[in-house]
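Undergrad: Before I ask anything, let me first share the structure, which is written out below as structure tokens.
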Amino acid sequence: MAIKLELVNLRKEYGALVAVNDMSLKVEEGETMALLGPSGCGKSTTLNMIVGLETPTSGDILIDGQSVSKIPVGRRNVGLVFQDYAVFTHMTVRGNMEYGLKVRKVGQREINQQVEKMASFVGLADKLHRKPAELSASEMQRVAIGRTLVTSPQILLLDEPLSNLESEMRHQMRRELHRIQLETKQTIIYVTHDQIEALSLAHRIAVMNLGVLQQYDTSYNVYHYPRSTFVGSFLGNPPMNFIKGTLKSAGGQRLIEQDGARIPLPSMKELAGVSDGAAVTVGIRAETADIVPLGSPGSFEAELFAIEPQGPEAVVTAKFANTLLKVVVPTSAVPKGSGSIALLPHANLLALFDTQSGVRLMNGAAS
Amino acid sequence: MSSQGRVAARGFNPNDKKYIGGLLITPIQILLTALLVFPFVLELILSFSEWSPVQGIGLWEAVGAVFTEDLDQGINYSVLITEEPRFLEALGRTALISVTSLVLEFLIGLGLATIFLKAFPAKRVFFTALLTPMMIMPVVVGYTWFMLLQYTGPVNQVIGWIGGSQPELQWLNTGFLAFFAVVITEVWHWTPLFFLILLSGLNAVPQNPIRAATVLGASDWRIFWSVVMPSMKGIIIIAFVIRGMEVIKLFDEIYLLTRGGPGTATETISLYLYKLAFEDFRLAYAGSAGFIVLIITVVLINVMLRPIRYQLLEKR
Amino acid sequence: MPPKRFTWYNGIGLTLALIFALFPVLWMISTSFKPSNEWVRQPPVWVSGDATVENYLTVLWPSALLEKRGGLTQYTEGGEQKVAEQTGVGGAVGDILNKSAWQAIWGSVILSVFGTALSIIVGLMAAISIARYRFGGNTTPFFILSGRMFPPIAIAIPFVVMFSDVGATDTYWGLILAYGAVTVPFSTWMLKSFIDDLPKEIEEAAMMDGMSRWGAHLRITLPLIKGGVIATTLFIFILNWSEFLFALILAYTKVSTIPVQLSKYFSATEGLLIGVQAALATVSIVPLVIVGFFIQKHLVRGLTLGAIKR
């Protein structure tokens, strides 16, 4: 697959504030990439720089291998859908959808043809004469998407497209976006602060925090192999459990100790270069630990704290030393009564982080 | 709430909503009834007579005569409409001056407002300076332009510099030029208000549709006319209605500038009524004309206010 | 959108607008310092090389002017004729000059202050009634507004008839009533817009705590809209200070105002007293420009009856 978009050391400063800090990544043609992060992390600024609404302080943006830094906004042939849709409220649906084509001086017959095709594609064929005031939020969203898609942009950028919708509509619109994704094979860049949206729609996720790209990988890897405690905590519900402790050895077995309580570690390549006494944080995803009979090999003990049944599954909260852990287990596996339980993490999904930096300990060769 | 109910049971409650609301509105009702409604009714009655204070007949006698004596009632109205071209001309002239001034004020105000969307040095100083004309009272405005437009005044001199030779323009004594003198004065005085209203409107235009149009590739010019101006529609109507309400009353400036002259070249409806009533002392006749003007104004204002009635009344 | 650049033709437009806006004012001020032989001259004098404050003295301090000229030091009823000749101005005109400028200034001050007070008190009560009790629905506010919509001259005609019938013409109280009635629609609407900005819940909370409605309005509403009341007061003051028509037709000799005085100089002399008029005009706009500057951000609200609030 060809590389559609490439960001090279992209940087944006506002005075002393670094909104985007030397960000580099590549997006393949036809892929959907999610820019995920808390608000103020620089994701919208990145989006605006790609579109051309903001000028980078340094770095470059390449589309199809060509730098677009010198091309003014509006000539880059990229489409942006705004969070608040930004439909032209005084124009009909048709007027909105025609706008980009009229700007491009397409003939009226061609315009009508394309607009009608696009209207039925986004499900607004019978509403072309309506004014936005008569439309629902999700219909306005469709107008905004249709208005952009009809100009056949190289890249479709969506800024928080679902956050102004109610939850019912949000599900429906997510399916709709999925359909658009499949049918148009558009390269899509999708800005969101909602990890579920990112995980369900994107092929790749770029997690950002405080202007810095934390991890850029496939959705699967970002979820299962977080590169930092930030990524681990930002994705997943409940978020990843973190247990801070000291690395030790006992009888050839490496383990993490916190206030005398111990978690035995499986044999991991990452541990090779780390010596005993290092401050290490163990990361365990809520659904990657099983409740096993007390004393099972590789398990560790924790005090049962609370149980929240959620239908087929239950969230079990347990206290290990002075850390509360949440694990999600099938309802059938929920322990009865109270007292100690034993937890067995899935060895291959266990993550170790350097406590100080929050960065994942990697196998020397791989990192 | 319960204490309110108890007091209400006794019949009178100083804390009652209706009572307070009514009491607070009373002074303005009295003031406006005495000084607005009453004269208005008086005017209506007198307009059916031919009374003038110089006839030596008292006011109440004249009022009584309207009801008791067999006057040719309504003659004032038929004369005004059929035999008095000056009245209809004054109406037309007022409309012409109003429309010309408002259009010019709108265009200049809009141009200035768009400049003030950009950044430039000493913006605040320019802003305040440009508002100056609006703060000056109409009489002084009229007088100042009277000085400027003198035959020997600086306006002629500057035109002379540009044109090469001294033009001998009798601004205030030539019908056509006097009309323009009035318009220029009015435009000078009130363009700042248009500018202020339009600037506040431009600043309130939502930014994302503009950005959306930008990303779609539209030029600034196209964005201005296809996105910005349509969303300014409400505020533009407000500006025209508010200024329209004022400009049809135009009197002070013209009184000092030309007194409606030369001849009747700048005689607006207000000046016409003034001359009838206070130079010719034909009070009843002027009252009839005034009454027609009132009716026209009421209809006109109601039509003009319709689109902004909601905005004026509702909290936003 | 990338910020749009300020272009050279923007600069030219702005400069022309600035000249257009300020030149007339500057000309008036410049003229007020011209000696009488430069008032009308071909070509016109832009800035006098021979600037004098005599125009101001004529308006504000005629006796000092006489002293300066070595003329009569006595300023008495009998001396007026000669006094006027000494100032270079003919008979009846001199009479107007020496007596009336201060009478006009004084009249303007009294009428503006009391007319404004009347307008604000009555307007504030009405504004609370409309904003908080919706008294009279939509009809009352528009009835009040109608007072401002009619051409004042159409109202003025029967007004004069009525006023002379009750002996209210040429009196301060009569004119104060007239000024109040003319400006009360503006004060009501402007104050109403300030009260509308204030959440009703604030008063309701106070009433929950046992305060009466009156108490809530006096001790909660009023202090919170204090800034708005001040702005409205200054705005109404500007309107009253500028009022011309009603003073012109209702005041004759005992009461005068600056605008009327300005128009009288004009009519009596057909432009001869240009410099003196300019001096009085300059004096009269000083309070307006100062007050206007202070309430700059509220001017739009006032002039648009609260429709635009920025």
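The values are calculated or read from the model by the stated rules, or taken from the named source; none is laboratory data. Keep in mind the model is a prediction, meaning the values are calculated, not measured. Note that each Cβ is placed from the backbone with ideal geometry, even for glycine, and that neighbours are counted across all protein chains shown.
Undergrad: State whether the residues of segment B:84-100 include one that is within 14 Å of chain C (Cβ to nearest Cβ) and not in a helix (DSSP H, G or I).
TA: Within segment B:84-100, none of the residues are within 14 Å of chain C (Cβ to nearest Cβ) and not in a helix (DSSP H, G or I).
Undergrad: Just checking, which of B:Glu69, B:Glu50 is crowded, with 17+ Cβ neighbours inside 10 Å, modelled with pLDDT under 85 and more than 27 Å from the chain's Cα centre (by Cα)?
TA: B:Glu50
Undergrad: Then there is this: Taking the stated definitions as given, is A:Lys336 farther than 30 Å from A:Asn221 by Cβ, modelled with pLDDT under 85 and not assigned by TED's automatic domain parsing to the domain that holds A:Gln214?
TA: yes
Undergrad: Scan segment A:218-227 and give yes if some residue there is without any contact (Cβ under 8 Å) to a residue 24 or more places away in the chain, hydroxyl-bearing (Ser, Thr, Tyr) and not in a helix (DSSP H, G or I), otherwise no.
TA: Within segment A:218-227 (the criterion being without any contact (Cβ under 8 Å) to a residue 24 or more places away in the chain, hydroxyl-bearing (Ser, Thr, Tyr) and not in a helix (DSSP H, G or I)), the answer is yes, since at least one residue qualifies.
Undergrad: With (1) more than 31 Å from the chain's Cα centre (by Cα); (2) surrounded by fewer than 17 Cβ atoms within 10 Å (Cβ to Cβ) as the list, and C:Asp197 as the residue in question, which single condition is left unmet?
TA: (1)
Undergrad: From the set of residues in segment C:122-181 that are in a loop (DSSP other than H, G, I, E, B) and within 7 Å of chain B (Cβ to nearest Cβ), which is nearest to B:Ala34 (Cα to Cα)?
TA: Our first condition is that a residue be in a loop (DSSP other than H, G, I, E, B); within segment C:122-181, this holds for C:134-138, C:150-151, C:167-171.
With within 7 Å of chain B (Cβ to nearest Cβ) added as a condition, the list becomes C:135-136, C:138, C:150-151.
Working: C:Phe135: 20, C:Gly136: 19, C:Asn138: 21, C:Phe150: 16, C:Pro151: 18 Å.
Out of the qualifying residues, it is C:Phe150.
Undergrad: Just to confirm my filter: which helices (runs of 4 or more DSSP H) fall fully inside segment B:155-257 and include at least 1 residues that are within 14 Å of chain A (Cβ to nearest Cβ)? Break it down into steps so the answer makes sense when it comes.
TA: Working: elements: B:175-204, B:207-215, B:220-223, B:233-247, B:252-257.
Helices (runs of 4 or more DSSP H) meeting the threshold: B:175-204, B:207-215, B:220-223, B:233-247.
Let's see how each residue does on (1) of a type outside the set (D, E, K, R); (2) at pLDDT 65 or above; (3) under 20 Å from B:Asn156 (Cα atoms):
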| residue | (1), (2), (3) |
| --- | --- |
| C:Thr15 | yes, yes, no |
| C:Pro24 | yes, yes, yes |
| C:Trp27 | yes, yes, yes |
| C:Pro35 | yes, yes, no |
| C:Leu57 | yes, yes, no |
| C:Pro62 | yes, yes, no |
| C:Gly78 | yes, no, no |
| C:Val89 | yes, no, no |
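Undergrad: State all residues of segment A:156-172 that are part of a loop (DSSP other than H, G, I, E, B) and either of a type outside the set (D, E, K, R) or in contact with a Leu (Cβ under 7 Å, 6 or more places away or on another chain) (or both); if no residue qualifies, say none.
TA: Of everything in segment A:156-172, those that are part of a loop (DSSP other than H, G, I, E, B) and either of a type outside the set (D, E, K, R) or in contact with a Leu (Cβ under 7 Å, 6 or more places away or on another chain) (or both) turn out to be A:Pro161, A:Leu162, A:Ser163, A:Asn164, A:Leu165.
Undergrad: Just give me the residues in segment A:84-110 being of a type in the set (S, T, N, Q) and under 11 Å from A:Gly146 (Cα atoms), in sequence order.
TA: A:Asn96
Undergrad: Specify which of the listed residues (B:Pro192, B:Pro209) is under 18 Å from A:Gly95 (Cβ atoms) and of a type outside the set (Lys, Arg).
TA: The unique qualifying residue is B:Pro209.
Undergrad: Here is a follow-up. Any idea which of B:Leu104, B:Leu36, B:Leu131 is farther than 30 Å from C:Ile274 by Cβ and either assigned to a loop (DSSP other than H, G, I, E, B) or of a type outside the set (Gly, Ala, Ser) (or both)? Please lay out each step first, then the result.
TA: On the way: B:Leu104 fails: farther than 30 Å from C:Ile274 by Cβ; B:Leu131 fails: farther than 30 Å from C:Ile274 by Cβ.
From the options B:Leu104, B:Leu36, B:Leu131, the qualifying one is B:Leu36.
Undergrad: Output the number of residues of segment A:241-289 satisfying the condition of being in contact with a helix residue (DSSP H, G or I) (Cβ under 7 Å, 6 or more places away or on another chain) and assigned to a strand (DSSP E or B).
TA: 5
Undergrad: Further question: What number of residues in segment A:48-73 are touching a residue at least 40 places away in the same chain (Cβ under 8 Å) and among the hydroxyl-bearing types (Ser, Thr, Tyr)?
TA: The number of residues fulfilling the criteria is 2.
Undergrad: Moving on to the next point. Have a look at C:Leu305, C:Leu272, C:Leu262 and point out the one that is surrounded by fewer than 21 Cβ atoms within 10 Å (Cβ to Cβ) and either at pLDDT below 90 or outside any helix (DSSP H, G or I) (or both).
TA: Among C:Leu305, C:Leu272, C:Leu262, only C:Leu272 is surrounded by fewer than 21 Cβ atoms within 10 Å (Cβ to Cβ) and either at pLDDT below 90 or outside any helix (DSSP H, G or I) (or both).
Undergrad: To continue, here is another question. Could you grab the pairs with beta carbons closer than 7 Å, sequence gap of 6+ or different chains, first residue in segment C:291-310 and under 24 Å from B:Ile308 (Cα atoms) and more than 7 Å from chain B (Cβ to nearest Cβ), second one assigned to a loop (DSSP other than H, G, I, E, B) and basic (Lys, Arg)?
TA: Correct list of pairs: C:Arg301/C:Lys309.
Undergrad: Counting only residues that are more than 27 Å from the chain's Cα centre (by Cα) and free of Cβ contacts under 8 Å to residues at least 60 places away in the same chain, how many does segment A:279-308 have? Working first, answer last.
TA: Narrowing segment A:279-308 to residues more than 27 Å from the chain's Cα centre (by Cα): A:279, A:291-307.
With free of Cβ contacts under 8 Å to residues at least 60 places away in the same chain added as a condition, the list becomes A:291-307.
Residues meeting the conditions: 17.
Undergrad: Could I ask something else about it? For segment A:94-111: of the residues being closer than 21 Å to A:Asp159 by Cβ and surrounded by 20 or more Cβ atoms within 10 Å (Cβ to Cβ), which is nearest to the other protein chains (Cβ to nearest Cβ)?
TA: A:Gly100
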